[in-house]
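Shown next, in structure tokens, is the structure this report addresses.
The values are calculated or read from the model by the stated rules, or taken from the named source; none is laboratory data. Since we're looking at a predicted model, the values are computed, not measured. Positions of Cβ are generated from backbone atoms using ideal geometry, with glycine treated the same way; all protein chains shown enter the neighbour counts. For the accessible areas, the whole protein counts, side chains as well, though only heavy atoms, and no ligand, DNA or RNA atoms are used. Shrake-Rupley method; radii C 1.70, N 1.55, O 1.52, S 1.80 Å.
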Amino acid sequence: MEKRGLNKVDLIFEEIDLKEVLTAAYNMPQAEIIQKVLDSGLKGRGGAGFPTGLKWKYAAAEEDTDKYIVCNADEGEPGTFKDREILDRVAYKVYGGMVLAAKAVGARSGIVYLRGEYKFLLPQLLEELVKFHKLIGEIGYDFSISYRMGSGAYICGEESALFESIEGFRGEPRNKPPYPTKSGVFYRPTSINNVETLVTALMVIKHGPESYSQLGTKDSRGSKVFSISGDTPSPGIFELELGMTVQAFVNEFGDGDTKAVQVGGASGFCVPRKRFEDTIIGFEGVPTGGSMKLFNSSRSMYNVLHNYLDFFAEESCGQCTPCRVGCQQLLKGVQKVKKGEVKSIYLNELVKLADTMKVASKCGLGQSVGNAFKTIVENFREEIIY
Amino acid sequence: MYQLGNLVKELSEKHGKSRESLMPILQGVVDQHSYLSDEAMVEIANELDISAAEVYGTASFYTFLDTKERGRYVIRVCKTITCAMKGKNEILQTLEDMLKIKVGEMTVDRQFSLLESNCIGWCHKAPAMLINEIPYTELTPEKVVEIIKSYMQKK
């Protein structure tokens with residue numbers, strides 16, 4: 001297994017001459033931009049990890065004059081705050097990534113869907129947008145971006161729920177297929193990309209796919225912005241090369257007493273101390289949209305699990321039964337086990353329920369509740385029971 | 001505070017009358033009135049020529065689009081894991097003592113509502129809260145008292 005050490009990188013926040021990069025991109029054929037992004041090995045940075053170049057290729061292949069680029073700035077995963085930092089510090093690079101995607105795909109409209117919790121950023125983002133529109137107008141691009149605000153629904157980070165929300169409906173995910181590249185916002189071909197993905201794609205075009213793909217491992221190319229919180233002396237935003245072990249991460253960010261790291265937020269995986277050494281942070285091990293939470297031995301993993309289940313029970317959109325009822329029952333179930341109202345073996349039934357939710361739920365929310373549930377219950381069973 | 005009918009008209013002129021204008025209009029009303037009253041939702045439904053049930057259906061899905069009366073300042077204390085670990089309960093207690101209300105309630109003078117919220121994206125500076133759209137981070141009980149006092153003086 002290919003492993004990397006802990007290596008700090010500065011790509012996302014690096015100041016660049018946007019005009020220079022976008023002028024070069026303006027003169028590149030569509031296919032060349034897509035090929036470069038494909039060659040870089042970049043996978044979506046929101047969490048799901050779909051290859052970005054492929055997404056653009058599919059959207060580009062659609063024959064429709066009305067296509068959209070959507071920037072998913074609805075980061076709501078517990079423990080994730082990197083997109084806020086990116087928008088706060090380098091919004092012009094996010095917009096640059098969007099116009100690059102637009103050129104690759106053949107779109108003229110872009111929408112940024114910003115979570116309601118980040119509304120305080122909107123004035124400065126709009127100010128930056130005015131400058132951006134002027135800049136790309138001078139280069140010759142025919143593209144414009146508008147903003148849509150979320151209103152506090154976690155599920156709207158799911159792409160099709162986000163489209164529903166933009167269109168003025170409840171944020172309930174759609175059936176897939178069709179995928180957004182065929183039928184996205186307003187049922188038009190849409191490339192929807194995470195904030196960080198767009199900036200990374202722009203940097204791939206600036207530095208070339210060869211230099212980018214030297215970072216990381218075969219399955220997890222490049223670097224990634226991590227949101228680090230919990231029991232750590234240095235919480236915050238760090239851009240790190242992918243492919244490090246959880247151990248290397250804990251050596252740098254732990255407080256000397258780390259017993260578990262939750263990788264990927266409430267919908268991610270709990271890695272216990274005994275697995276630090278052999279678990280890689282990346283698509284070959286534990287994938288993450290950036291959320292890294294450290295827990296030391298003073299923390300009850302029951303409280304952690306309870307907090308996550310409470311979160312999911314509230315944030316499930318309620319559309320499909322496995323997720324709506326499943327989240328509630330998992331929460332009630334662990335409460336009953338803790339209180340001793342049922343035998344501890346009942347946890348096995350709950351694990352089966354989590355497995356069922358994984359296959360039967362309509363979208364990523366219900367499908368991923370089992371990740372944290374199972375990894376916490378399996379590794380900290382005694383803390384859940386006693 | 002705008003009068004409701006004028007506000008809805010103004011918002012529909014700005015955002016349009018199609019279905020996709022619904023969210024911005026709902027958000028615009030909440031910005032001014034802190035919540036969506038039944039009258040507001042009926043007004044919006046008439047303006048966009050859709051059923052009031054459609055308006056309520058959309059509004060009631062979103063946590064920030066309250067259909068229950070809220071105060072002028074809506075306080076949302078983050079309750080997700082990192083904030084919970086870093087002293088959220090103390091923060092809530094301080095707010096409850098100071099405002100003399102419980103979570104979910106509004107002060108008698110309609111100035112403050114106290115709510116809990118899921119992750120608001122400030123885990124590295126926990127505990128955190130929002131007052132309307134403004135984030136406050138690395139909270140301590142003392143800091144909270146100062147912040148609330150400054151809002152009380154805004155009356």
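Check each residue of region A:228-267 and keep those whose accessible area, probe 1.4 Å, is at least 20 Å² smaller with all protein chains in place than in the chain alone; give them in order of residue number. Buried by 20 Å² or more upon assembly, which counts only protein chains, are A:Ser229, A:Gly230, A:Pro235.
Give the B-A buried accessible area in Å², both sides summed, 1.4 Å probe, nearest 100. Rounded to the nearest hundred, the buried surface is 3200 Å². Taken along the Cα-to-beta-carbon direction at a fixed 7 Å, the label points for B:Glu105 and B:Asp31 span 3.2 nm. Using every pair of distinct Cα positions in region A:301-385, the Kirkwood expression returns a hydrodynamic radius of 12.4 angstrom.
If R0 is taken as 51 Å, the Cβ-Cβ distance between A:Glu2 and B:Glu146 corresponds to a FRET efficiency of 0.50. Rounded to the nearest Hz, the phi-derived 3J(HN,Hα) couplings of region A:175-190 under the Karplus curve 6.51 cos²θ - 1.76 cosθ + 1.60 (θ = phi - 60°) are 6, 10, x, x, 7, x, 4, 9, 9, x, 5, 6, 6, 10, x, 9, where x marks glycine and proline. Using the rule -39500 (n - 2.57) for each DSSP H run of four or more residues, divided by the residues of the protein assembly as shown, the 222 nm mean residue ellipticity is -14000 deg cm²/dmol. Tell me the carbon and sulfur percent of the accessible area for region A:67-221, rounded to whole percent, probe radius 1.4 Å. For region A:67-221, the apolar C and S fraction of the accessible surface comes to 49 percent. For A:Lys8, the aspartates and glutamates whose Cα comes closer than 14 Å to its Cα, not counting residues fewer than 8 places off in the same chain, are A:Glu239, A:Glu241, A:Glu252.
Scalar couplings 3J(HN,Hα) for region A:102-116, obtained by applying the Karplus form with A = 6.51, B = -1.76, C = 1.60 to θ = phi - 60°, are 4, 5, 5, 8, x, 10, 10, 10, x, 10, 9, 9, 9, 5, x Hz; x denotes Gly and Pro. The simple spin-label model puts a point 7 Å past each Cα toward its Cβ; for B:Asp49 and A:Lys274 those points are separated by 6.7 nm.
Inter-chain neighbour count for A:174-183: the average number of beta-carbon atoms from partner chains within 10 Å of each residue's beta-carbon is 0.
Overall, the accessible surface of region A:242-310 at a probe of 1.4 angstrom is composed of carbon and sulfur to the extent of 42 percent. For the residues A:Asn303, A:Asn193, A:Asn371, a GNM of chain A with alpha-carbon springs under 10 Å puts the largest fluctuation on A:Asn303. Across every pair of non-identical alpha carbons in region A:1-84, the mean reciprocal distance, once inverted, gives a Kirkwood radius of 15.9 Å. The calculated FRET efficiency for the pair A:Glu14 and A:Asp255, based on their C-beta separation and a Förster distance of 45 Å, comes to about 0.90.
GNM remark for chain B: springs join alpha carbons under 10 Å apart, and the peak mean-square fluctuation among B:Ile120, B:Ile25, B:Ile134 falls on B:Ile134. Averaged over the residues of peptide A:62-74, the number of Cβ atoms from other protein chains lying within 10 Å of each residue's Cβ is 0.
For region B:4-59, what does the alpha-carbon gyration tensor say about shape, rounded, prolate or oblate, given a ≥ b ≥ c as the root eigenvalues, a/c under 1.5 as rounded, and a/b over b/c as prolate? Rounded shape, in that the Cα axes give a/c under 1.5. Answer rounded, prolate or oblate for region A:61-192, using the Cα gyration tensor with square roots of eigenvalues a ≥ b ≥ c: rounded when a/c is under 1.5, else prolate when a/b is larger than b/c, else oblate. Note, shape of region A:61-192 comes out oblate.
Counting every C-alpha pair in chain A, the share spaced more than 27 angstrom apart comes to 49%. Per residue of B:111-123, other chain Cβ atoms within 10 Å of the residue Cβ number 6 on average. Per residue, the accessible area of region B:58-126 comes to 38 Å² when a 1.4 Å probe rolls over the protein heavy atoms. Could I have the simple spin-label model distance between A:Arg89 and A:Glu138, label points 7 Å from Cα toward Cβ, reported in nm to one decimal? Result: 2.6 nm between the two label points.
The GNM of chain A, with springs linking C-alpha atoms under 10 angstrom apart, assigns the highest mean-square fluctuation among A:Ile145, A:Ile166, A:Ile16 to A:Ile16. Solvent-accessible area assigned to carbon and sulfur over chain B amounts to 47 percent, based on a 1.4 Å probe. Cα convex hull, region A:138-262: 192 Å³ per residue, rounded to a whole number. At a Förster radius of 56 Å, what calculated FRET efficiency corresponds to the Cβ-Cβ distance of B:Gln3 and A:Lys339, to the nearest 0.05? The formula returns an efficiency of 0.60 here.
When the Cα atoms of region A:188-288 are aligned to their principal axes, the ranges along those axes come out at 46, 32, 24 Å in descending order.
So which of B:Lys79/B:Lys102; A:Lys336/B:Lys86; A:Lys293/B:Lys86; A:Lys43/A:Lys218 end up more than 18 Å apart, counting from Cα to Cα? Cα-Cα > 18 Å for A:Lys336/B:Lys86; rest within.
Taking the Cα centre of the protein assembly as shown as reference, the dipole from Cβ charges on Lys and Arg (+1) and Asp and Glu (-1) amounts to some 900 debye. Extension gain, A:Ala31 to A:Glu210: 0.36 nm times the residue separation minus the Cα-Cα distance gives 62.7 nm.
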